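S.K.: Quick one: this structure, given as structure tokens, is what I'll be asking you about.
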Amino acid sequence: MSTVPRDPALLNVTAESLVRWAGGFEDTAPHAEILSMQLGIAQSMPQASQNIIYCEVIAKYMPALADVWRRATEAVTPAGTLINAASTTPYFVRFLRSPDGADIAAIQAQRVAAAVDRVPSMPLDHIAELGQFLSTLFLLQGTQGVSAEDKSILVQHLPQWERRYDGVLAGETAGRCLALLTDDRNMRPMMDMVRNMLESKMDKCGGPGCTRRVQKDGAVLQQCGRCKSAVYCGTPHQKAAWPAHKSTCFTPAF
């Protein structure tokens, strides 16, 4: 039986409401069902609207969400579910490059390795989330921090999950994790393409049609002074990009 309260206000999805139900505010306990419902509503929105919400979630609340996530021990948690949903934003890439985000991939790998015996009994969407979140972390942080023991466990079980859940997202994400852990040469071009896509806003000029990774004089790209999660090869391109960028430009909490 559903435990979601019949409250029309729950249909109003904002960055703050998602963080609240993920347990990011001390005055509210996490509620996985409400969070799942709100994420479903968010995913039905136009892509641009989703992106604004997810950028705000990570920019303003990632330190709080990370604290909640670190205090947990399970491989699937409400805070992790929300972080995973917003993991394609440049703010998330920036957080992973900061000292506070440095070991997230290794921690999640350890949690998944510890949960391998429970995976067959998990809901299919949880298994897909496990693989999706872990593969994104491996893409952005690499697998160097994963212990030899955890890597051995995952390399043993991921092929089983890939076969068992063939044709659905759970199997596809298990395959991605395996390819990244084993540095599969056949998958490397696709993995590199996805990584470049995720990191592009932090590493490539955001000016319309520009692909520069340095300024014309060879200097590093200049950051947006407010969000520090968009970069430009010069002021003209920053001004040209502002109409599109302003809706996702937030002062980060990290």
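S.K.: Every residue in segment 19-37 that is surrounded by 20 or more Cβ atoms within 10 Å (Cβ to Cβ) and either assigned by TED's automatic domain parsing to the domain that holds THR251 or charged (D, E, K, R) (or both), please.
M.R.: ARG20 - this is the single residue of segment 19-37 that is surrounded by 20 or more Cβ atoms within 10 Å (Cβ to Cβ) and either assigned by TED's automatic domain parsing to the domain that holds THR251 or charged (D, E, K, R) (or both).
S.K.: Please work out which one of (1) loosely packed, with under 13 Cβ neighbours inside 10 Å; (2) among the acidic types (Asp, Glu); (3) farther than 23 Å from PHE95 by Cα is the condition ASP192 fails and give its number.
M.R.: The single condition ASP192 does not satisfy is (3).
S.K.: Restricting to segment 1-13, give me the number of residues that are charged (D, E, K, R) and at pLDDT 85 or above.
M.R.: Count: 0.
S.K.: Restricted to segment 69-89, and to residues that are part of a helix (DSSP H, G or I) and of a type in the set (D, E, K, R), which residue is surrounded by the fewest Cβ atoms within 10 Å (Cβ to Cβ)?
M.R.: ARG71
S.K.: Follow-up. Would you confirm, using the coordinates I've provided, whether GLY40 is free of Cβ contacts under 8 Å to residues at least 60 places away in the same chain, under 14 Å from the mean Cα position of the chain (by Cα), assigned by TED's automatic domain parsing to the domain that holds HIS126 and assigned to a helix (DSSP H, G or I)?
M.R.: So GLY40 fails the test.
S.K.: Then there's this: Regarding GLU16, is this residue surrounded by fewer than 19 Cβ atoms within 10 Å (Cβ to Cβ), in the same structural domain as SER121 (by TED's automatic domain parsing) and either more than 20 Å from GLU129 (Cβ to Cβ) or modelled with pLDDT of 95 or more (or both)?
M.R.: Taking the combined requirement at face value, the residue satisfies it.
S.K.: Among SER147, SER135, which is the only one that is surrounded by fewer than 20 Cβ atoms within 10 Å (Cβ to Cβ) and under 27 Å from ARG97 (Cα atoms)?
M.R.: Just one listed residue meets the conditions, SER147.
S.K.: Okay, moving on. Considering (1) under 19 Å from THR248 (Cβ atoms); (2) in contact with a Gly (Cβ under 6 Å, 6 or more places away or on another chain); (3) part of a loop (DSSP other than H, G, I, E, B), say which one TYR61 fails and leave the rest.
M.R.: Every listed condition holds for TYR61 apart from (3).
S.K.: A further question follows. Given the options VAL119, VAL168, VAL155, name the one that is of a type in the set (A, V, I, L, M, F, W, C), more than 19 Å from the chain's Cα centre (by Cα), surrounded by fewer than 17 Cβ atoms within 10 Å (Cβ to Cβ) and under 26 Å from ALA32 (Cα atoms).
M.R.: VAL168
S.K.: I'd like the full set of residues that are without any contact (Cβ under 8 Å) to a residue 24 or more places away in the chain, more than 11 Å from SER135 (Cβ to Cβ) and not small (Gly, Ala, Ser), limited to segment 165-196.
M.R.: ASP166, ASP183, ASP184, ARG185, ASN186, ARG188, PRO189, MET190, ASP192, MET193, ASN196
S.K.: Would you pick out the residues in segment 215-238 that are more than 16 Å from VAL93 (Cα to Cα) and either surrounded by 13 or more Cβ atoms within 10 Å (Cβ to Cβ) or in contact (Cβ under 8 Å) with a residue 60 or more places away in the chain (or both)?
M.R.: Across segment 215-238, the qualifying residues are GLN215, LEU221, GLN222, ARG226, TYR232, CYS233, GLY234, HIS237, GLN238.
S.K.: Could you tell me which of the residues ALA66, ALA109, ALA59 is in the same structural domain as LEU140 (by TED's automatic domain parsing), crowded, with 23+ Cβ neighbours inside 10 Å and in contact with an Asp or Glu (Cβ under 8 Å, 6 or more places away or on another chain)?
M.R.: After ruling out the rest, the residue left standing is ALA109.
The values are calculated or read from the model by the stated rules, or taken from the named source; none is laboratory data. The model shown is predicted, which means the values in this text are computed figures rather than measured ones. No Cβ is skipped: glycine too gets one built from the backbone with ideal geometry, and neighbour counts run over all protein chains shown.
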